[in-house]
1. Calculate how steeply helix 6-19 sits against the longest principal axis of the alpha-carbon atoms of the chain, using the helix alpha-carbon long axis, and give the answer as 0 to 90 degrees to the nearest 10.
2. Roughly what would the spin-label model give for residue 3 and residue 45, points 7 Å off Cα along C-beta, in nm?
3. With a 10 Å Cβ neighbour count serving as the proxy for reagent exposure, in which order, fewest first, do 34, 51 appear?
4. What do you get for the angle between helix 54-90 and the principal long axis of the chain? Use alpha-carbon atoms, 0 to 90 degrees, nearest ten.
5. Give me the one-decimal nm value for the distance between modelled label points at residue 57 and residue 78, 7 Å along each residue's Cα-to-Cβ direction.
6. Which of the following values of P(r) over Cα pairs in 5 Å bins from 0, in percent was calculated from the structure shown: (i) 3, 15, 25, 24, 15, 9, 5, 2, 0; (ii) 2, 11, 13, 11, 7, 6, 7, 7, 7, 6, 5, 5, 4, 4, 3, 2, 0, 0; (iii) 2, 9, 6, 7, 5, 5, 6, 5, 5, 5, 4, 5, 4, 4, 4, 3, 3, 3, 3, 2, 2, 2, 2, 2, 1, 1, 1, 0, 0?
7. Between 0 and 90 degrees, rounded to the nearest ten: what's the tilt of helix 32-48 against the longest Cα principal axis of the chain?
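Derivation of every value follows stated rules applied to the coordinates shown; laboratory data play no part. Every value quoted in this text rests on a predicted model; they were computed, and no experiment measured them. Neighbour counts run over all protein chains shown; Cβ positions are idealised from the backbone, glycine included.
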């Protein structure tokens, strides 16, 4: 089993982006499935470590504030309804 450096793997992934997996694997002399596996690991790793820009954070914050306000309003409506029905049961 061959062990490849991190730099080699990154270069191989970049090359496969440019010319495709099969051609890159053949050119580098590595198995196609090895390169495909590196690409899959790279995609999953980059998804988990992606950072949001300040603008994206502001937008997300506004969305969450809006959702929070809607939920508070719904909660207050439910509290009022509970009070209304509780009074109705006492009669």
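1. 90
2. It works out to 1.6 nm between the two label points.
3. 51, 34
4. Rounded to the nearest ten degrees, it is 30.
5. 3.2
6. Recomputing P(r) over Cα pairs in 5 Å bins from 0, in percent here gives the entry labelled (ii).
7. 30
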